[in-house]
Amino acid sequence: MKHREGSTPGVQWGLFGSFAIFTAVILALLWIFQVVLLDAFYKAIKVNEIKTSAHTICNSINSSTLQEDLQRIALNNQICCIVCDAQGNRLYSESAVPNCVIHRLNNWDLAMVYTLTARNGGSYFERFPQEIRQSITFLGENTAVLRSQEAPEVMIFAQLVTRSDGKQLMVLLNSVISPVGATVETLRYQLLTVSLIMVLLGLLLAYLLSRKIGRPIESLNSAAKTLAKGDYEVHFEGGGYREVCELSDTLNYAAQELSKTERLQRDLVANISHDLRTPLTLITGYAEVMRDLPGENTPENVQIIIDEATRLTTLVNDVLDLSKLQAGVVPMEREVFNLTESVRSILTRYTKLTDYHIVFYAAQDVFVDADELKISQVVYNLANNALTYTGADKSVTLRQSVLDGKVRIAVSDTGEGIPQEKLDDIWERYYKVDKAHKRAQVGTGLGLAIVKMILDMHGGEYGVQSQEGVGSTFWFELDAVQPPDGRELALNSGA
Ligand code: ADP
């Protein structure tokens, strides 16, 4: 067996690795969004906010509630706001930021901004550090020199709008972008703490999970190795998650089945050697007696030799049939044939050879699409068992019934029956209910295993009802088909 100890990581390391990668990715994402991109995000949001506010005001410029709208916008967004005409006369004014830039402008300044905005195509946006607010010129160039990252920035946005009376007005807004440096520093410290906690938590989780998953898997693995060495008594101990528990149950079941097969195989060797030896001893014994004692050359003795040779043939055939069926080398040769006729001809052979009372009840001839030879073997094996195990009245009854498109053949005897707890086992190979029983010596324990295998191949149903002291009824069902000669048969009645 090939081991892969070196090449693939174990469950514990695999889990730990996955956790480490997961934690690293989460932390990296947090760093990127909270530290690196925070400033850019914040500024973009602020810029968007001031522009959206301007649009909202422009849209309600004709509204009677303009003053309230301005108040609400100013308060909610921390924005200062002035609405003025081309000459810089203020019509509305709202202040939310102390020392606001635009509220320090006089009419002339406002008229300047108006001109600048008009020249700029109707809207004007400018961002500059707060320190230079005194000397603001709105020309942009001299503000650039003083910009620094840590200084709060001032944003102004102006937009021209025409009122319904035709008068053109300017909406001028101002808001402050506070520096995020201190926030980033706090976040950085927090992230460091979070990283540490996450690494510790990751380690702890990996440890706990690997204990919960890894340990049972390792224990299952070592038990499986023991099983592979041929120790079928090994017990698989699952635990942790449901799938692992199920796996351990399955493995326990497999081990149990393997040990059963091994026991059966051991029994087989004992059985077969016993079954082979008994007829061979008898054949040799009788043949020697007949050779040495001329008076013993009787038809009865010859019959014993023939019977024993037949037993040997049956045994060898059964073993061969079963192993061929198991290996799947016998192909299915399906054809539509008359099942009733087939059963009848098998039974005729029996009635000629034995003094048993065999009855077959069949209301009509029923056809099936199956492998005739194999189905004949099923009937033969069931009839053979019934004849072997039936009671002193030596009677066996076969009944054919048709229901819901299926034909059922039931074989009943009046024998000792089979204990209920053994009913499942009799279909197993080499299983005999009562090994010590004289009649059981006749069989090989393979007959019903062959029946089961053939019916499984056909997708047929089968079963047994048995009552101790009363008898057993073995039955099987196949799909009934219409006969090939074009006749229409009733397949759904209880015929
Ligand atoms: P065998 O060749 O020994 O009959 P089978 O596989 O046909 O093997 O049957 C398995 C066992 O089931 C038998 O050994 C017998 O104990 C039991 N058995 C089968 N058919 C009958 C029956 N008609 N009545 C009672 N016991 C039966």
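Remarks
- In the stretch 70-104, of all residues being touching a helix residue (DSSP H, G or I) at 6+ places or on another chain (Cβ under 7 Å) and assigned to a loop (DSSP other than H, G, I, E, B), the one that is surrounded by the most Cβ atoms within 10 Å (Cβ to Cβ) corresponds to Val101.
Condition check ((1) surrounded by 15 or more Cβ atoms within 10 Å (Cβ to Cβ); (2) assigned to a helix (DSSP H, G or I); (3) hydroxyl-bearing (Ser, Thr, Tyr)) across all residues:
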site: Arg263; (1), (2), (3): no, yes, no
site: Thr284; (1), (2), (3): no, yes, yes
site: Leu312; (1), (2), (3): yes, yes, no
site: Lys324; (1), (2), (3): no, yes, no
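- Screening Ile213 with (1) open to solvent by 50 Å² or more (accessible area, probe 1.4 Å); (2) touching a residue at least 12 places away in the same chain (Cβ under 8 Å); (3) assigned to a helix (DSSP H, G or I) gives one miss only, at (1).
- Among the residues here, Gln67 qualifies as without any contact (Cβ under 8 Å) to a residue 60 or more places away in the chain, open to solvent by less than 70 Å² (accessible area, probe 1.4 Å) and part of a helix (DSSP H, G or I).
- Selection of the stretch 174-193 for residues being open to solvent by 40 Å² or more (accessible area, probe 1.4 Å) and in a loop (DSSP other than H, G, I, E, B) yields Ser178, Pro179.
- Pick from the stretch 428-448, criterion modelled with pLDDT under 90 and assigned to a helix (DSSP H, G or I), ranking: nearest to the ligand (Cβ to nearest atom): Gly447
- For Phe360, the conditions (1) part of a loop (DSSP other than H, G, I, E, B); (2) within 24 Å of Ala490 (Cβ to Cβ); (3) over 49 Å from the mean Cα position of the chain (by Cα) are fulfilled apart from (1).
Residue-wise test of (1) touching a residue at least 12 places away in the same chain (Cβ under 8 Å); (2) in contact with a Gly (Cβ under 7 Å, 6 or more places away or on another chain); (3) more than 30 Å from Tyr42 (Cα to Cα).
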| position | (1), (2), (3) |
| --- | --- |
| Val180 | yes, no, no |
| Ser195 | yes, no, no |
| Gly202 | yes, no, yes |
| Ala224 | yes, no, yes |
| Thr250 | no, no, yes |
| Ser259 | yes, no, yes |
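- Apart from one condition, Leu38 fits all of (1) touching a Gly at 6+ places or on another chain (Cβ under 9 Å); (2) surrounded by 15 or more Cβ atoms within 10 Å (Cβ to Cβ); (3) not basic (Lys, Arg); the exception is (1).
- Per this entry, Val171 is not counted among residues that are within 60 Å of the chain's Cα centre (by Cα), surrounded by 18 or more Cβ atoms within 10 Å (Cβ to Cβ) and in contact (Cβ under 8 Å) with a residue 40 or more places away in the chain.
- Residue that is farthest from the ligand (Cβ to nearest atom) [pool: residues in the stretch 462-484 that are surrounded by fewer than 20 Cβ atoms within 10 Å (Cβ to Cβ) and free of Cβ contacts under 8 Å to residues at least 40 places away in the same chain]: Gly463
- Members of the stretch 379-390 found to be touching a helix residue (DSSP H, G or I) at 6+ places or on another chain (Cβ under 9 Å), of a type outside the set (Ser, Thr, Tyr) and within 11 Å of the ligand (Cβ to nearest atom), listed by number: Asn381, Leu382, Ala383, Asn384, Asn385, Leu387
- Only residues that are away from the ligand (no atom under 14 Å from the Cβ), open to solvent by 30 Å² or more (accessible area, probe 1.4 Å) and touching a strand residue (DSSP E or B) at 6+ places or on another chain (Cβ under 7 Å) were counted in the stretch 394-412, giving 4.
The values are calculated or read from the model by the stated rules, or taken from the named source; none is laboratory data. In this text the structure is predicted, and so the values were computed from the model without any measurement. Cβ atoms come from the backbone with ideal geometry, glycine included; neighbour counts cover every protein chain shown. For the accessible areas, the whole protein counts, side chains as well, though only heavy atoms, and no ligand, DNA or RNA atoms are used. Shrake-Rupley method; radii C 1.70, N 1.55, O 1.52, S 1.80 Å.
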